[in-house]
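The values are calculated or read from the model by the stated rules, or taken from the named source; none is laboratory data. In this text the structure is predicted, and so the values were computed from the model without any measurement. Backbone-built Cβ (ideal geometry, glycine too); neighbour counts: all protein chains shown.
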Amino acid sequence: MTELSWAQVFARRLQRHRLRAPVAGAAPDAGSIADVVSAVCGAHAQIASAAELSVGLRVPGATRAHVRRALWTDRTLVKTRGPRGTVHLLAAADLPMWVGALTALPAPSWERSVILLTPRQTEQVLAAIADAVAEADLTTAELTEEIVARTGPWAGDLVMEAFQDMWPRWVAAMPAATRSGVVCFGPNRGRVTTYTSPTRWLPDFAPMPGHAALAALVHSYLYAYGPATPAQFARWLAVPSEWGTWLFGSLDLTEVTVEGTRAWVAADDTGFPDDRPSGLRLLPYFDAYAVGCHPREQLFPGAVAHRALANGQAGNYPVLLVDGVVAGVWHQRRSGRSIRVTVEPLRTLDAAQERALGEEVERVGAILEGKVSLTIGTVSVGPHA
């Protein structure tokens with residue numbers, strides 16, 4: 001059995017996440033941006049600027065404008081719900097795999113469609129959504145009108161609690177609609193979200209068959225985050241760990257040990273670098289590397305876990321990454337084009353690392369198209385602020 005060190009593991013993950021030392025480059029094309037998003041299994045996009053920064057940090061020469069162009073003009077990226085049902089940017093070419101895999105996962109017990117809609121009503125709503133967004137970008141209010149017109153008044157009944165408001169009954173089917181590829185996000189209309197059809201990105205879109213899609217997703221995950229255990233993969237998708245064990249057992253994977261810990265990689269992807277992880281990077285909220293890499297105690301060592309995790313959850317704080325592991329937190333505050341970055345290292349940085357931090361902050365400013373300043377000190381805001 002192959003025996004590895006954590007240094008080898010983090011060196012490979014940094015390389016595959018394109019997070020080794022930043023490289024200067026000319027303006028990227030949409031294909032290179034999509035390739036990076038595909039390599040990391042999607043970029044969390046609940047906060048649009050965090051997704052733009054997450055992608056931009058990995059693509060030489062990229063700015064938020066390049067990411068937006070790839071999403072809305074070139075359509076090599078698509079915005080939809082990915083792992084854990086959270087909003088992600090995915091490579092459009094990967095959408096058949098994602099939809100095939102997500103629809104083959106164990107059904108979430110919390111979905112309100114089970115309570116608020118009969119199976120027949122769910123089918124009617126999904127068909128109505130598909131028809132309504134086929135060639136349009138529609139807001140929730142506009143979708144409600146279209147769906148009620150196609151199904152009946154029952155679809156518009158205000159029965160779903162939503163913060164301090166009530167949503168119409170049909171919205172209970174929206175998780176199933178996004179998971180099955182009926183709908184994805186369209187461009188915002190001001191501050192209002194719109195929805196549209198994935199076929200506007202992929203005219204011949206069809207989901208990959210379930211088990212083949214799951215196998216492809218496992219291989220993609222292990223490429224970016226391996227070695228990993230079935231429980232870690234299941235946690236990444238928010239599904240039962242025993243189901244992850246079954247899935248890993250059905251695939252051609254290779255077991256390795258990392259300093260005594262058992263984990264798995266794809267059978268045809270067992271190479272690891274001999275060099276040590278290196279470099280200093282600033283990762284935004286819910287960056288794929290911070291959320292997807294396990295075990296937590298290796299990525300967030302010692303006292304770092306108490307400062308950079310929120311009740312054990314990764315992603316709620318932007319993090320300072322040094323040599324592949326979390327070594328601090330940071331925060332940015334924007335006013336117009338001015339971006340004030342505060343970085344709180346949780347270990348002493350040497351002179352070379354302080355220079356690298358200054359360069360990284362400048363890169364953040366370039367990606368977000370602003371004028372940036374750096375303060376090294378305490379980050380006073382809480383998680384997800």
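Overview of results
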| item | result |
| --- | --- |
| Cβ-Cβ under 6 Å pairs, at least 6 apart or on other chains, segment 20-48 side on the phi > 0 side of the Ramachandran plot, far side buried (at least 19 other Cβ atoms within 10 Å of the Cβ) | Cys41/Ser220; Cys41/Tyr221; Cys41/Ala224; Gly42/Gly82; Gly42/His88; Gly42/Leu90 |
| Positions within segment 77-107 being buried (at least 19 other Cβ atoms within 10 Å of the Cβ) and more than 16 Å from the chain's Cα centre (by Cα), in sequence order | Pro96, Gly100, Leu105 |
| Test: residue in segment 238-251 that is closer than 24 Å to Ser54 by Cβ and of a type in the set (A, V, I, L, M) | yes |
| Qualifying residue in segment 96-108 (condition: part of a helix (DSSP H, G or I), within 25 Å of Gly370 (Cα to Cα) and of a type outside the set (A, V, I, L, M)) | no |
| Selected residue (only one of Thr151, Thr199 is surrounded by fewer than 21 Cβ atoms within 10 Å (Cβ to Cβ) and under 26 Å from Leu77 (Cβ atoms)) | Thr199 |
| Total residues in segment 251-296, condition of a type in the set (A, V, I, L, M) and assigned to a loop (DSSP other than H, G, I, E, B) | 2 |
| From Gly61, Gly25, Gly82, Gly31, residue being small (Gly, Ala, Ser) and modelled with pLDDT of 95 or more | Gly82 |
| Filtered residues of segment 218-244 (kept if of a type in the set (Ser, Thr, Tyr) and assigned to a helix (DSSP H, G or I)) | Ser220, Tyr221, Tyr223, Tyr225, Ser241 |
| Only one of Arg12, Arg20 that is modelled with pLDDT of 95 or more and either β-branched (Val, Ile, Thr) or not assigned by TED's automatic domain parsing to the domain that holds Cys293 (or both) | Arg12 |
| Count of residues meeting criterion [within 18 Å of Leu126 (Cβ to Cβ) and in a strand (DSSP E or B)] in segment 180-193 | 3 |
| Residue selected from segment 27-40 under the condition closer than 27 Å to Ala356 by Cβ and out of contact with any strand residue (DSSP E or B) (no Cβ under 6 Å at 6 or more places or on another chain), by the criterion surrounded by the fewest Cβ atoms within 10 Å (Cβ to Cβ) | Ala27 |
| Condition broken by Arg68, with the remaining ones in (1) surrounded by fewer than 17 Cβ atoms within 10 Å (Cβ to Cβ); (2) not in a helix (DSSP H, G or I) satisfied | (2) |
| Some residue of segment 366-383 being closer than 21 Å to Arg20 by Cβ and either without any contact (Cβ under 8 Å) to a residue 24 or more places away in the chain or not assigned by TED's automatic domain parsing to the domain that holds Arg235 (or both) | yes |
| Residue under evaluation Trp167, criteria (1) under 22 Å from Leu71 (Cα atoms); (2) outside any helix (DSSP H, G or I), criterion not met | (1) |
| Selection within segment 147-164 - β-branched (Val, Ile, Thr) and either part of a helix (DSSP H, G or I) or under 22 Å from the mean Cα position of the chain (by Cα) (or both) | Ile147, Val148, Thr151 |
| Spans of helices (runs of 4 or more DSSP H) in segment 1-59 with at least 3 residues within 18 Å of Leu89 (Cβ to Cβ) | 30-39, 48-56 |
| Filter result for Ala267 (touching a Phe, Trp or Tyr at 6+ places or on another chain (Cβ under 8 Å) and over 24 Å from Lys371 (Cα atoms)) | no |
